[in-house]
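Chemist: I have a structure here, written as structure tokens, and I will follow up with some questions on it.
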Amino acid sequence: MVVYWDLLALWDLAVDYLLLRGTARLAGRSVRRGRLLLAAAAGAAYSVAALALALPVWTLLPAMLLMCAAAFWKTGRWLRLTLLFSLLACSLGGGVLLLGRVCGGMERLVRGVVYARLPWGVFFAAAGLSYLLLTVVFRDGAKRGGGGFVHARVECGGRVVEVRLLRDTGNALADPLTGEGVPVVEEAALAPLFSAYTPFTTLRVHTVGGGDTALRAFRCDALTVDGRALGARLIAVAREPFGGAYQGLWYDETGEENAKDELEAIVG
């Protein structure tokens, strides 16, 4: 059988990108599409090199680790996302075998040896079904499995506070200048950061009931969430406490990712 390197590269690029994007969405992590595409291109380059140079099988593991590091290093959950990527890749392989058996494109020659003659449609169908199942049916499942909370460290003026925030997909509050999501934290938890010189601004907020209100907000010097350094961020201050289990609300990171992509498209 003849294998063309250009078709192999394109196919591997598409599959790796879908698997990486499905991993990020399943885990509820915001990763730029450009970063995922670059990591997928690295995976495609490895597949071509493995074919042309007959690389040993053991090189697959470090190649996968490097590809996942390129995609997920800044998320603060690189190792977990790498393991999740491995599981998704295995599920895709299982889907290909299942559809291959159904369409009659596979047969057993001897014990432990399987012959496969599968049309391209089987691979595309398996990739599409795996992506839909894992990103639509189980969307954000890995994120919710962690309890739906994030741990945030806020630094301002040399002072530091640590708070627990509830993931709230309904929190669409965004910085009007950058489009970045804005967490909402109760005033009592942030009080140690404030001084007479803290510059506050006002954010207009649309409530669930359809009304409008205003929240004070300030820009911290540094925000770290679950080990991810996000830099200076605008933080809204809630007058009333949230009840004790958590001190504020996180935001929908998927919405922030889409806003950044739209901004980059406009600027570009």
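The values are calculated or read from the model by the stated rules, or taken from the named source; none is laboratory data. Just so we're clear, the structure is a prediction, and the values are computed from it rather than from any experiment. Neighbour counts run over all protein chains shown; Cβ positions are idealised from the backbone, glycine included. In case anyone asks, the SASA skips ligands and DNA or RNA and just uses the protein heavy atoms, side chains included. Shrake-Rupley method; radii C 1.70, N 1.55, O 1.52, S 1.80 Å.
Chemist: Restricting to the stretch 190-213, what's the tally of residues that are open to solvent by 20 Å² or more (accessible area, probe 1.4 Å) and within 31 Å of the chain's Cα centre (by Cα)?
Modeler: 9
Chemist: So, one more: Return the residues of the stretch 23-35 that are out of contact with any Ser or Thr (no Cβ under 9 Å at 6 or more places or on another chain) and assigned to a helix (DSSP H, G or I); say none if nothing qualifies. Quick ask: steps written out before the conclusion?
Modeler: Taking the stretch 23-35 as the starting set, the residues that turn out to be out of contact with any Ser or Thr (no Cβ under 9 Å at 6 or more places or on another chain) are 32-35.
Arg33, Gly34, Arg35 - these are the residues of the stretch 23-35 that are out of contact with any Ser or Thr (no Cβ under 9 Å at 6 or more places or on another chain) and assigned to a helix (DSSP H, G or I).
Chemist: Just one of (1) modelled with pLDDT of 85 or more; (2) not in a loop (DSSP other than H, G, I, E, B) trips up Ser195, so point out which.
Modeler: (2) is the only condition that Ser195 fails.
Chemist: So, in the stretch 225-237, exactly how many residues are outside any loop (DSSP other than H, G, I, E, B) and crowded, with 19+ Cβ neighbours inside 10 Å? Steps first, please.
Modeler: Applying the first criterion (outside any loop (DSSP other than H, G, I, E, B)) to the stretch 225-237 yields 225, 228-231, 234-237.
So of that shortlist, the ones also crowded, with 19+ Cβ neighbours inside 10 Å come out as 234-237.
The total comes to 4.
Chemist: Okay, next question. Is one or more of the residues making up the stretch 170-184 at pLDDT 90 or above, farther than 23 Å from Arg77 by Cα, open to solvent by less than 80 Å² (accessible area, probe 1.4 Å) and part of a strand (DSSP E or B)?
Modeler: Of the residues in the stretch 170-184, the ones at pLDDT 90 or above are 182-184.
Now restrict to residues that are farther than 23 Å from Arg77 by Cα: 184.
Filter again for open to solvent by less than 80 Å² (accessible area, probe 1.4 Å), leaving 184.
Retained after the next criterion (residues that are part of a strand (DSSP E or B)): 184.
Taking every residue of the stretch 170-184 in turn, at least one turns out to be at pLDDT 90 or above, farther than 23 Å from Arg77 by Cα, open to solvent by less than 80 Å² (accessible area, probe 1.4 Å) and part of a strand (DSSP E or B).
Chemist: Yes or no: the stretch 30-48 includes at least one residue that is within 30 Å of Ala152 (Cβ to Cβ), at pLDDT below 80 and either of a type in the set (D, E, K, R) or buried (at least 20 other Cβ atoms within 10 Å of the Cβ) (or both).
Modeler: The answer is yes, given that some residue of the stretch 30-48 is within 30 Å of Ala152 (Cβ to Cβ), at pLDDT below 80 and either of a type in the set (D, E, K, R) or buried (at least 20 other Cβ atoms within 10 Å of the Cβ) (or both).
Chemist: Scan the stretch 247-267 and tell me whether some residue there is surrounded by fewer than 12 Cβ atoms within 10 Å (Cβ to Cβ) and at pLDDT 75 or above.
Modeler: No: zero hits.
Chemist: Right, another one. Does Leu165 satisfy the criteria of being under 13 Å from Gly248 (Cβ atoms), touching a Gly at 6+ places or on another chain (Cβ under 9 Å), open to solvent by less than 40 Å² (accessible area, probe 1.4 Å) and touching a residue at least 24 places away in the same chain (Cβ under 8 Å)?
Modeler: yes
Chemist: Of all residues in the stretch 61-80, which are open to solvent by 70 Å² or more (accessible area, probe 1.4 Å), more than 24 Å from His151 (Cα to Cα) and either part of a loop (DSSP other than H, G, I, E, B) or without any contact (Cβ under 8 Å) to a residue 12 or more places away in the chain (or both)?
Modeler: Selection gives Leu61 alone.
Chemist: Could you tell me whether Ala54 is small (Gly, Ala, Ser), surrounded by fewer than 17 Cβ atoms within 10 Å (Cβ to Cβ) and out of contact with any Ser or Thr (no Cβ under 7 Å at 6 or more places or on another chain)?
Modeler: On the way: small (Gly, Ala, Ser): yes; surrounded by fewer than 17 Cβ atoms within 10 Å (Cβ to Cβ): yes; out of contact with any Ser or Thr (no Cβ under 7 Å at 6 or more places or on another chain): yes.
Against the criterion (small (Gly, Ala, Ser), surrounded by fewer than 17 Cβ atoms within 10 Å (Cβ to Cβ) and out of contact with any Ser or Thr (no Cβ under 7 Å at 6 or more places or on another chain)), Ala54 qualifies.
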